[in-house]
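Here is the structure we will look at.
The values are calculated or read from the model by the stated rules, or taken from the named source; none is laboratory data. Since this is a predicted model, take the numbers as computed values, not measurements. Cβ atoms come from the backbone with ideal geometry, glycine included; neighbour counts cover every protein chain shown. For the accessible areas, the whole protein counts, side chains as well, though only heavy atoms, and no ligand, DNA or RNA atoms are used. Shrake-Rupley method; radii C 1.70, N 1.55, O 1.52, S 1.80 Å.
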Amino acid sequence: MKTILKTFSLIGVMTIGLVGCTTEESQYSPEQVIQNTLKDSKPVGPYYGEYDMTISNEKMHVKEWIGEDSKRRIEISDEKGKQQSLSVNDGENMTSYDQAQNTAIVMSITDELKDISQSSPKEQAELLLKAVKDTHDIALKGEEKILDRKTYHLVAKGKGEKTLFGDIEMWVDKENWMVLKTNISTVGGDTQMEYTKIDFDAKIPDSKFKLELPKDVKIQKLDSTMKSEQITSDELPSVFKKAYLYFPEKGKLKIAKIEVMDVVDHKELAIEYEKDGVVYFSLSVFPTQKNMGEKTETIPGEKQVKVRGQKGSIMEMKTFRSVSWSEKGFNYTIMPTNPDLKMKEILKMVEDMKLVK
């Protein structure tokens, strides 16, 4: 299930814009189909649906009940039909239950959590289409039927540049613009999704969004908001229990903002630096987690390098650039904001980092 979360998290952080070419096979051009797909950010509903999904050879079957007021129930089973997880959003709380571990996570619903957790396959597809502005050509291949419903078949072909996504196919319902089938290639593996049942006239009782947990279940309540606070330079030594590296102010390099965030089970420090009054780069620091392990694979645009004598990596993909490494119990990431700041300069700068005192 970790693979699923990684895939949709990746889709979720992408940004906006689309391209396309025309076709004579339909009354709509690719641009018009896409605009209709994207015109309404609200999920289609209420409805009941089932779909098969395969992510990097991991097969699963998903049942979903989408109700009024953002209520939803998602049941995920393995390819043998054994239920793996169950999530219910009753409008006030989201509860995720793991049968195998007999554990449940409960989070209160906030506006932020709604945006992240309640996206439908249609909305996820919207974000994906928005992500391929500069790296893919989108064409309307034709019209096909999925579950006896007429769909537009969209194909996005990579231009050969470094990109997180390979070729993408989508089948979009002609009536309500919901995506009924997708084939996606990502850096984490290939993903296929296809609805096997869909009922847009489903009458879903409110009881479907009530979850009764076993009496012996272990419940963990999480705060769905990420708490953060701004601090001063004088407070830097107290952020973590042991000393860590940072860039002290020197010459024209000044600290513009310091923020400490509570991220589930650890703190993360973000320092924004400026030069000549303009934001120059940001530095992120957080303790290395025990379950992180050693990273062995790279993604397009990423290159393994030595940073301060440690194993690290640099990422260069369009406007996104970063330098990351781990050292003596901490993970560090530098993200240059100024386009004139070159990666070679950063790799030289890090040699002058100092321990916070």
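Details
- Failed condition for residue 181, given (1) modelled with pLDDT of 70 or more; (2) surrounded by fewer than 18 Cβ atoms within 10 Å (Cβ to Cβ); (3) charged (D, E, K, R): (2)
- Pairs where the first residue, in the stretch 149-164, is small (Gly, Ala, Ser) and assigned to a strand (DSSP E or B) and the second is modelled with pLDDT of 65 or more and loosely packed, with under 14 Cβ neighbours inside 10 Å, C-beta under 8 Å, 6+ apart: 156/167; 158/167
- For the stretch 301-344, filtering for residues that are assigned to a helix (DSSP H, G or I) and open to solvent by 80 Å² or more (accessible area, probe 1.4 Å) leaves 1.
- If only residues of the stretch 153-175 that are more than 13 Å from residue 129 (Cα to Cα) and in contact with a Phe, Trp or Tyr (Cβ under 7 Å, 6 or more places away or on another chain) are counted, the one that is modelled with the highest pLDDT is 153.
- Residue, modelled with the lowest pLDDT, within the stretch 260-297, restricted to residues that are open to solvent by 70 Å² or more (accessible area, probe 1.4 Å) and not charged (D, E, K, R): 296
- Residues of the stretch 271-287 that turn out to be in contact with a helix residue (DSSP H, G or I) (Cβ under 9 Å, 6 or more places away or on another chain) and touching a residue at least 60 places away in the same chain (Cβ under 8 Å), as a count: 1
- Answer residue from the stretch 232-253, given it is in a helix (DSSP H, G or I) and touching a residue at least 40 places away in the same chain (Cβ under 8 Å) and is farthest from residue 275 (Cα to Cα) among those: 237
- Hits in the stretch 184-219 (condition: in contact with a Leu (Cβ under 8 Å, 6 or more places away or on another chain) and modelled with pLDDT of 90 or more): 194, 195, 196, 197, 198
- Residue within the stretch 125-133 that is outside any helix (DSSP H, G or I), at pLDDT 85 or above and crowded, with 16+ Cβ neighbours inside 10 Å present: no
- When the stretch 213-231 is filtered for residues that are in a loop (DSSP other than H, G, I, E, B) and open to solvent by less than 80 Å² (accessible area, probe 1.4 Å), the ones remaining, listed by number, are 213, 214, 217, 224, 225, 231.
- Among (1) within 28 Å of residue 185 (Cβ to Cβ); (2) modelled with pLDDT of 70 or more; (3) assigned to a helix (DSSP H, G or I), the one test that residue 61 misses: (3)
- Pair list, Cβ under 7 Å, 6 or more apart: the stretch 91-104 residue without any contact (Cβ under 8 Å) to a residue 24 or more places away in the chain, other residue of a type in the set (Gly, Ala, Ser) and open to solvent by 40 Å² or more (accessible area, probe 1.4 Å): 92/108; 93/108
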